[in-house]
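Before any comments, here is the structure.
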């Protein structure tokens, strides 16, 4: 699968989503 | 002790695909007379030595079998249940001397921990949870996650077993829709994944209880069961099976599917379909994934095994002794495949 299919990828997705999600 | 050892001549024929190293090594027979429902493997300390044991579940009894020097198995303990039948064994991945079971009729009504007294003398069981429980999974670090529904909301609870026998409870933020299955995410220690009845995949942070993301994976993935999830290079890879999948699609009958999801954007793409070889009929009934291997019992009564990296079916175990296979599990303690029939026969490959 190409990166274009899935949008910008972040290696640190878990930390980033945890900082964005409501507590 | 009820033990039967199958002779080499009784080995069921694998098909000509590539049977690999799959060989029947022993057979367990439960003579309880009730229907056999599940099998699993567990480490159990016997006389100071941790042994890789097998757990079998019939409707009203769960038995622990220890390995014998002869390559056979001897029944060590049995836990009995008088009122509610056993639905499934819930193995705890890195815990010794403890296994959980889910009991109920059509849906799970109770989760119980099965253990022994400290001197190893007698069987004990502890009621952990009751209610309308939809999904349960044993996690690493002595944790058990389960989801249950009341009339107006859903509770997702993580229970941690302390060494001393006490339990700690923590709640995860519930999604609006019912959770069907859970999976730990390999490569991301505190991430927990769930599949929902509305074809969504949800991700939690196990440490904080936050619901991080809800991702729709399309209407072709109805009632998906998640068997494995791992995080690599910023993507989430998920192995799903589809009990509602069509029997035949242009590429064959799909049983498992690998999809890649970008958790940041919630976009997903199918990577690989794991189909039955030509000429084989059936669809997924139940199965298990360990490392790079998936095993499934099919509606045809056959067990099929896939190498997830190669992408194709590598072995087929046809029904034997006029009995269809009913369930299949990979052992968590060694490289065994455990296959069971309703009549109580468990075959160890």
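Structure notes:
- Shape summary: segment B:54-144 maps onto an equivalent ellipsoid whose semi-axes, from the alpha-carbon gyration tensor, are 23, 15, 13 Å in decreasing order.
- Debye-formula intensities of segment B:102-176, expressed as log10 I(q)/I(0) at q = 0.14, 0.15, 0.25, 0.26 Å⁻¹, are -0.49, -0.56, -1.24, -1.30 (one equal scatterer per alpha-carbon, no solvent).
- Most mobile listed residue (B:131, B:209, B:48) in chain B, GNM with C-alpha springs under 10 Å: B:48
- Theoretical ellipticity at 222 nm over the protein assembly as shown - DSSP helices of four or more residues, -39500 (n - 2.57) apiece, nearest 500: -500 deg cm²/dmol
- Where only C-alpha atoms are counted, convex hull volume of segment B:101-239 per residue in Å³: 125 Å³
- Descending semi-axes in Å of segment B:157-247, equivalent ellipsoid built from Cα gyration tensor: 25, 15, 13
- Average Cα contact separation per residue, chain B, under 8 Å, 6 or more apart, as relative contact order %: 14 percent
- Cα centroid separation - segment B:280-325 against segment B:118-180, whole Å: 30 Å
- log10 of Debye I(q)/I(0), alpha-carbon scatterers only, for segment B:275-348 at 0.14 Å⁻¹: -0.40
- Each eigenvalue of the Cα gyration tensor of the protein assembly as shown, multiplied by 5 and square-rooted, gives one semi-axis; in descending order these are 33, 27, 18 Å.
- Neighbour-count ranking [beta-carbon atoms within 10 angstrom, fewest first] of B:171, B:284: B:171, B:284
- Over all orientations, segment B:190-240 has a Cα convex hull whose mean projected area works out to 3.6 square nanometres.
- For chain B: span of alpha carbons on each principal axis (Å, largest first): 55, 52, 36
- Quarter of the Cα convex hull surface for segment B:202-342, i.e. its orientation-mean projected area (nm²): 10.0 nm²
- Distance between the modelled labels on residue B:34 and residue B:150, one decimal in nanometres: 3.1 nm (7 Å Cα→Cβ projection).
Taken together, the values in this text are just the output of simple stated rules run on the coordinates, not laboratory data. All of these numbers come straight from a predicted model, not from anything done at the bench. In this analysis, Cβ positions are derived from the backbone assuming ideal geometry, glycine residues included, and neighbour counts consider all displayed protein chains.
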